[in-house]
Amino acid sequence: MRGRTKVLVGAACAVAFALVGGLLYGAATLLIGADGQCDEPRGVERLAQVSAIAVPSAPAGAAPVPGASGAECMDDSGTEVWLVANTYYTYDGDPNKVIDHYWAAAPAAGWKATGSRPKITPGSLPKDMCFHKEVDGKPTLLSVLYSADKEYFVSVNAILDGSRPDC
């Protein structure tokens with residue numbers, strides 16, 4: 001019976017991941033098609049790729065912010081069309097644990113740090129962390145950002161034309 005439970009739990013997780021992927025793809029299709037500014041066929045395909053990129057999970061004890069995560073195409077930044085997949089969560093623990101977590105987990109997932117490891121200065125927010133890697137031969141950026149209310153924002157960014165995004 002124990003083996004059957006593991007199989008059922010695994011199947012439930014696979015179905016959940018497939019549903020989330022389908023929802024993100026559907027949202028990407030609607031967002032890119034909404035204003036006609038993005039290169040629709042290429043944009044939808046690339047945003048689906050960006051949304052599916054494996055990113056390190058949040059540290060243990062983190063809580064997702066309901067309804068805040070998603071994917072979008074942003075074309076209001078001039079000639080660059082940014083593709084972004086975001087995850088928001090809260091974490092009440094020490095910010096050093098978040099830094100330790102991503103500083104170990106991101107390289108393990110193939111991401112390379114951009115800049116040095118952030119240091120916590122008493123009375124101020126930790127600096128943002130940025131990592132990059134090539135995905136399907138195109139530069140992609142992983143950012144971990146902080147806010148004053150213990151909310152963290154993890155973002156995967158790419159530029160539709162294949163330019164290198166900066167932190």
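One table, with the values for the structure above:
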read-out	value
Any hit, the range 113-136, residues being loosely packed, with under 13 Cβ neighbours inside 10 Å, within 26 Å of Gly43 (Cα to Cα) and modelled with pLDDT under 90	yes
Enumeration of residues in the range 88-99 that are touching a residue at least 24 places away in the same chain (Cβ under 8 Å) and among the charged types (D, E, K, R)	Asp92, Lys97
Scope the range 137-148; condition surrounded by 19 or more Cβ atoms within 10 Å (Cβ to Cβ) and closer than 18 Å to Ser69 by Cα; matching residues	Leu141, Leu142, Ser143, Val144, Tyr146
Matching entry among Glu151, Glu80 (being in contact with a Ser or Thr (Cβ under 7 Å, 6 or more places away or on another chain), at pLDDT below 85, open to solvent by 40 Å² or more (accessible area, probe 1.4 Å) and not small (Gly, Ala, Ser))	Glu80
Tally of residues being in a loop (DSSP other than H, G, I, E, B) and closer than 18 Å to Glu72 by Cα across the range 122-163	4
Residue that is farthest from Thr90 (Cα to Cα) [pool: residues in the range 41-64 that are hydrophobic (A, V, I, L, M, F, W, C) and surrounded by fewer than 14 Cβ atoms within 10 Å (Cβ to Cβ)]	Ala54
Subset of the range 102-121 [without any contact (Cβ under 8 Å) to a residue 40 or more places away in the chain and not in a loop (DSSP other than H, G, I, E, B)]	Trp103, Ala104, Pro107, Lys112, Ala113
Residue count, the range 97-112 (criterion: open to solvent by 60 Å² or more (accessible area, probe 1.4 Å) and farther than 23 Å from Pro139 by Cβ)	2
Count of residues meeting criterion [open to solvent by 20 Å² or more (accessible area, probe 1.4 Å) and among the hydrophobic types (A, V, I, L, M, F, W, C)] in the range 154-167	1
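Let's see how each residue does on (1) modelled with pLDDT of 80 or more; (2) in a loop (DSSP other than H, G, I, E, B):
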{"site": "Leu30", "(1), (2)": "no, no"}
{"site": "Ala34", "(1), (2)": "no, no"}
{"site": "Cys38", "(1), (2)": "no, yes"}
{"site": "Pro41", "(1), (2)": "no, no"}
{"site": "Val44", "(1), (2)": "no, no"}
{"site": "Ala48", "(1), (2)": "yes, no"}
{"site": "Val55", "(1), (2)": "yes, yes"}
{"site": "Pro59", "(1), (2)": "yes, yes"}
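The values are calculated or read from the model by the stated rules, or taken from the named source; none is laboratory data. Keep in mind it's a predicted model, so treat the numbers as computed, not measured. No Cβ is skipped: glycine too gets one built from the backbone with ideal geometry, and neighbour counts run over all protein chains shown. For accessibility, only protein heavy atoms count, side chains too; no ligands or nucleic acids. Shrake-Rupley method; radii C 1.70, N 1.55, O 1.52, S 1.80 Å.
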